[in-house]
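Shown next, in structure tokens, is the structure this report addresses.
The values are calculated or read from the model by the stated rules, or taken from the named source; none is laboratory data. What you see is a predicted model; the values in this text were computed from it and never measured. Heads up, the Cβs are rebuilt from the backbone with ideal geometry, glycines too, and the neighbour counts pull from every protein chain shown. Protein only, heavy atoms only, side chains kept; ligands, DNA and RNA dropped before computing areas. Shrake-Rupley method; radii C 1.70, N 1.55, O 1.52, S 1.80 Å.
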Amino acid sequence: MTHYGPGGVNLQEILNRVLAAERNSQAQLVEARTKAEVEEIQGKTRAEAKRRDAEADAVARRLRVEAEAEASRLKAENETRALVERQKAAEALEQHPGLLRLAELETLRELAHNANARVYLGMGRGR
């Protein structure tokens with residue numbers, strides 16, 4: 001049974017169009033809310049990723065600084081140890097001059113094993 005309103009308009013058809021428009025409107029609203037929620041979640045995820053990246057960078061910088069400081073400390077420690085050893089060697093050579101001559105002879109012997117080595121001795125000139 002078809003109902004016609006004034007001017008021969010089908011009321012059922014109008015009602016169906018209104019209901020379809022409402023369903024379409026509700027679907028668009030759900031879609032818009034879903035899209036907004038997805039964008040919010042993606043935004044939070046990006047922010048969390050940036051925060052974690054910044055945190056990782058900060059940890060890496062701190063570890064680099066600590067490693068450089070430790071390397072500097074070890075270098076200074078080794079240089080100090082080397083200076084102490086040189087001082088001990090200088091004191092030993094001062095107390096025992098024969099050790100200096102022995103060191104000179106050892107150096108000459110090492111040079112003698114190298115075919116490309118040239119040794120120039122200025123013995124007896126200008127003395």
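Values for this structure:
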| read-out | value |
| --- | --- |
| Test result for ARG118, open to solvent by 90 Å² or more (accessible area, probe 1.4 Å) and not in a helix (DSSP H, G or I) | yes |
| Hits in segment 41-78 - residues which are open to solvent by 100 Å² or more (accessible area, probe 1.4 Å) and under 30 Å from ALA103 (Cβ atoms) | LYS75 |
| Condition met for THR107 (among the hydroxyl-bearing types (Ser, Thr, Tyr), modelled with pLDDT of 95 or more and surrounded by 10 or more Cβ atoms within 10 Å (Cβ to Cβ)) | no |
